[in-house]
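First the structure, in the form of structure tokens, and then the observations on it.
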């Protein structure tokens, strides 16, 4: 069977996901909606949630219009990126926003129905809430994989037409490496939408939550979710916009990013030699695994059920059973696919399983540190006996301690995934292994996101039961579901952070491939021969298309001894803390407005605090305050995350950019784990006391944990989760603007006096090339010959077919010409007129012998390099070649151009036909000219 047929597992899986998402939604809508009071409260929440969502989309829409114009300018004016990038950017953002909208509709309709189902039995309440969460899970994976599948078919079709219809079009696509790097850029749209959803939703929900808790619980002494509290509805709205739309957009970005980064890494790793036969398979494997994961996630959902009066451990066990079944089936399916698609690289299966296991371990670790059934959270609650200060201290310590297992797990996972894929022998394969491990971790996202989206649905159901004054048995069941939801939300955040770390690592590897395509684009439009090479030293040139990761690291001097790299690392770490500070201060400012509004209503609405019949709070004003605050406050941190990589890349170059990405990833991962788990421990310590332990609700111990929970709210629901997107978005922005960075960063750095290695190596190599001390290796091999041929299209030279030495010989790069020894006091002899038999001579320009005195002098290097040919004092110098580093010598019109001995004359060009060259210079593009 043709392995390309396995591609259809991806679109088939996406359609199955969307069909079942619709089925679960219809089933939920047909279930009992509950009492009129319950439906009224749910209506308030739905109205507020949709109002916020549309307000957010208006702000995000403005950003997308501006960003689309900017990317179009880069693509069509500066020509530093593919013209497909602006379109891909829009589709990524559109599908991410659509998944959030559909998830929000489902969650806001499910809360009252979960409440009504819980009135019948605990299992029925669990089934309605969990399958409603599954709608969000399957919408995310269905739309994500559908978007990937559509782009794959479009670009492969364009590649087929690029040899005919699109041959001379800027939209032409020439190989699978170019296809995968173009597809990767649509993740920028998903990342941008995810950041606005996470930051805006987090600010909204925590402004409402903090305001409701501080005034309602602490000052007024009324219970949580009491209808007398004006901020209660805003608090319930916030649960949906933060943990449904926000989490969905976050994991949509990770899901698509991991698949696309792995495809790009596979296209590069399997691009040459014996591996080339498996290139298409390596690209399709992550898509096929994702398609299978959808089917197995569906099977796992039907394993989730529980008994009446189940404990928290038993409820969590029911959800874990579904995830474990899906993971086991996915591992088996991945084994079959790997054996079939990459039979000679079965070690990649180890990388896939490593990702699956890492996800499970991170979930277990998060549950241990945040669940009230385990010592860490119980110890936080125990500190309440001495007041809120010790609760906060213990919670911070718990969060810091909780980073150990996830960080070690991801670290070992990276090493194992890298090693299983034979990365220690071939680094490109190792990076592919890391990428496929991220795909493995996220392959069961359909069910893992269902468990996370279940949390806010259960939380809203508990609030609905409280406000609609349902019986104690119903409240007991909804409280059990709510407590489970707090744990699943915490484990979901841990899973999201772990997957973000692996995805960001894969994107870091994919960034190298984007650099390659950026440099190739510069070479295409600059017209300079040397722009088709990178230089790992002053005497070694490597064709860009053949360069390895080590070559790029040497070219850009990406070492810890490079101060630009170190500065980038520090900046990346700093951005994490500045971003967290900005989001937490935003919550504080928005919460202040909410507190003032709640106090005003308690003071100005007679009978509200006493709960007199017929007196209602003004819920809409609180929703409006949170909405306005979120829209206003989310802009600055979002722009920081988007603009910083662009500025760092242009000023510090590729080395500084990679340093920033590494610093941001290492620091952001640990801080995100700490903040999410500390917040979860504070939250569940409060729930632990509310369950009747240590004095129960209303006690001094309870009030102390309420303060801890209030501190933890922005930790776990705003800053911590937003860091997932920060570390991925910085990588994604770096990928998208890679062409801009390689084009203009060297020029900017040169003016700052940094003297980047990509310029200094190129200058020195150009001088040595002119002096015949080095030669250029080949770009392509001519079939059927032992020589290699490079075809250059140069605005001054025309099209030349140049025969170069065998690639193995050329790889040495340095060839020292035979020059007589010069003794002290003697004059250095001039070069003989005849050239060595293997000289590239006129093929590269600037290498010809001196001209007779009665002939015009050739042009020297433009942009600051002197010509190697001395000019007679009484003759004007011809214009030199600009836009590159190689001078071109013009032949007298009545003489044929000299040819190196090894050059074969094309059959359709007479051997004695002279070259004709324009007299004017050609300006360079891409930022290298004038250096």
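The values are calculated or read from the model by the stated rules, or taken from the named source; none is laboratory data. This one's a predicted model, so the numbers in the text were calculated from it and none came from an experiment. As a convention, Cβ positions derive from the backbone with ideal geometry for all residues, glycine included, and neighbour counts pool all protein chains shown.
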Inset, instruction - Determine if the stretch 439-458 includes at least one residue that is surrounded by fewer than 24 Cβ atoms within 10 Å (Cβ to Cβ) and under 25 Å from residue 709 (Cα atoms). - result: no
Inset, instruction - Determine which member of the set 366, 330 is farther than 26 Å from residue 21 by Cα, in the same structural domain as residue 448 (by TED's automatic domain parsing) and either part of a helix (DSSP H, G or I) or out of contact with any strand residue (DSSP E or B) (no Cβ under 6 Å at 6 or more places or on another chain) (or both). - result: 366
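Do the conditions hold for residue 657, that is, is it touching a residue at least 40 places away in the same chain (Cβ under 8 Å), buried (at least 24 other Cβ atoms within 10 Å of the Cβ) and either outside the structural domain of residue 203 (by TED's automatic domain parsing) or closer than 30 Å to residue 215 by Cα (or both)? Break it down stepwise before answering.
Details: touching a residue at least 40 places away in the same chain (Cβ under 8 Å): yes; buried (at least 24 other Cβ atoms within 10 Å of the Cβ): yes; either outside the structural domain of residue 203 (by TED's automatic domain parsing) or closer than 30 Å to residue 215 by Cα (or both): no.
The answer is no for residue 657.
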Inset, instruction - Determine if the stretch 137-146 includes at least one residue that is modelled with pLDDT under 95 and surrounded by fewer than 19 Cβ atoms within 10 Å (Cβ to Cβ). - result: no
Inset, instruction - All but one of (1) under 28 Å from the mean Cα position of the chain (by Cα); (2) in contact (Cβ under 8 Å) with a residue 60 or more places away in the chain hold for residue 130, so report the exception by its number. - result: (1)
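Residue-wise test of (1) farther than 30 Å from residue 521 by Cβ; (2) surrounded by fewer than 19 Cβ atoms within 10 Å (Cβ to Cβ); (3) touching a residue at least 60 places away in the same chain (Cβ under 8 Å); (4) outside the structural domain of residue 152 (by TED's automatic domain parsing).
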| site | (1), (2), (3), (4) |
| --- | --- |
| 23 | yes, yes, no, no |
| 36 | yes, yes, no, no |
| 45 | yes, no, yes, no |
| 53 | yes, no, yes, no |
| 72 | no, yes, no, no |
| 94 | no, yes, yes, no |
| 98 | yes, yes, no, no |
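Does the stretch 504-546 hold any residues that are assigned to a strand (DSSP E or B), over 16 Å from residue 558 (Cβ atoms) and modelled with pLDDT of 90 or more, and which are they? Steps first, please.
Going through the stretch 504-546, the residues assigned to a strand (DSSP E or B) turn out to be 533-537, 540-543.
Applying the additional criterion that residues be over 16 Å from residue 558 (Cβ atoms) yields 533, 540-541, 543.
Listed by number, the residues that qualify are 533, 541, 543.
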Inset, instruction - Being out of contact with any strand residue (DSSP E or B) (no Cβ under 7 Å at 6 or more places or on another chain) and surrounded by fewer than 24 Cβ atoms within 10 Å (Cβ to Cβ) narrows it down to one of 641, 670, 586, 591, so name that one. - result: 670
Inset, instruction - Quickly run through the stretch 389-413 and pick out the residues that are crowded, with 22+ Cβ neighbours inside 10 Å and either over 27 Å from the mean Cα position of the chain (by Cα) or assigned to a helix (DSSP H, G or I) (or both). - result: 391, 394, 395, 398, 399, 406, 410, 413
